[in-house]
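Take a look at the structure below.
The values are calculated or read from the model by the stated rules, or taken from the named source; none is laboratory data. Predicted model only: the values in this text are computed from it and were never measured. Cβ placement follows ideal geometry from the backbone for every residue including glycine, while neighbour counts extend to all protein chains displayed.
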Amino acid sequence: MDEYSNEHRPVYEVKANLFKGLAHPVRVRVLEVLASADTVSVADLLADTGLEASHLSQHLSVLRRHNLVVAERRASQVFYRLAYPQVAHLLNVSRSLLVEILEHTRQQLASTVNLPEPTPRTTIPESLN
């Protein structure tokens, strides 16, 4: 039975599989490129990612398998587009979340600037000799 179409699986498992499709920087980049245009040719995706054709093909296969992109052949070229507009929204939400997380981390680090320096030990404990 196809692991992506089993309607009896819990939603959290189906969601986890969706995120597996997003779990590589190249795939995220491909989705970002596709989100910025109606359709994009494989040739343009190759130029944008700098990947070899076989590697890009593997990533596109994963994205198709997870129903994130759709392929369309036109004469001798293949074009891709996002399968759903919500994919672009998901990318935007993830970027916003990442910015917020990084800002929070920056604030935490900035708050440590005025902490006192640790006092150096002048002697080595006997247990370490």
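Checked against (1) assigned to a helix (DSSP H, G or I); (2) of a type in the set (Lys, Arg); (3) closer than 21 Å to Asp48 by Cβ, Arg106 passes all but a single condition, namely (3).
Look at the stretch 33-48: where a residue is over 10 Å from Phe79 (Cβ atoms) and a partner is of a type in the set (Asp, Glu), sitting 6+ places away or on another chain with Cβ atoms under 7 Å, you get Val33/Asp48. The criterion of being in a loop (DSSP other than H, G, I, E, B) and either loosely packed, with under 14 Cβ neighbours inside 10 Å or at pLDDT 95 or above (or both) holds for His8. Considered as a group, the residues in the stretch 79-123 that are under 16 Å from Val28 (Cβ atoms) and of a type in the set (Gly, Ala, Ser) include one that is nearest to the chain's Cα centre (by Cα), and that residue is Ser94. Arg64 - would you say it is charged (D, E, K, R), modelled with pLDDT of 95 or more and in contact with a helix residue (DSSP H, G or I) (Cβ under 7 Å, 6 or more places away or on another chain)? It is false that Arg64 is charged (D, E, K, R), modelled with pLDDT of 95 or more and in contact with a helix residue (DSSP H, G or I) (Cβ under 7 Å, 6 or more places away or on another chain). One residue stands out among those in the stretch 22-46 that are of a type in the set (S, T, N, Q) and out of contact with any Lys or Arg (no Cβ under 8 Å at 6 or more places or on another chain): the one that is surrounded by the fewest Cβ atoms within 10 Å (Cβ to Cβ), which is Ser36.
Being at positive phi and touching a residue at least 12 places away in the same chain (Cβ under 8 Å): is that true of Asn17 here? It is false that Asn17 is at positive phi and touching a residue at least 12 places away in the same chain (Cβ under 8 Å).
If you check Thr105, Thr112, Thr119, Thr49 for being modelled with pLDDT under 95 and surrounded by 14 or more Cβ atoms within 10 Å (Cβ to Cβ), only one passes: Thr49. Checked against (1) among the aromatic types (Phe, Trp, Tyr); (2) over 17 Å from the mean Cα position of the chain (by Cα); (3) exposed (fewer than 14 other Cβ atoms within 10 Å of the Cβ), Phe19 meets all criteria but (2).
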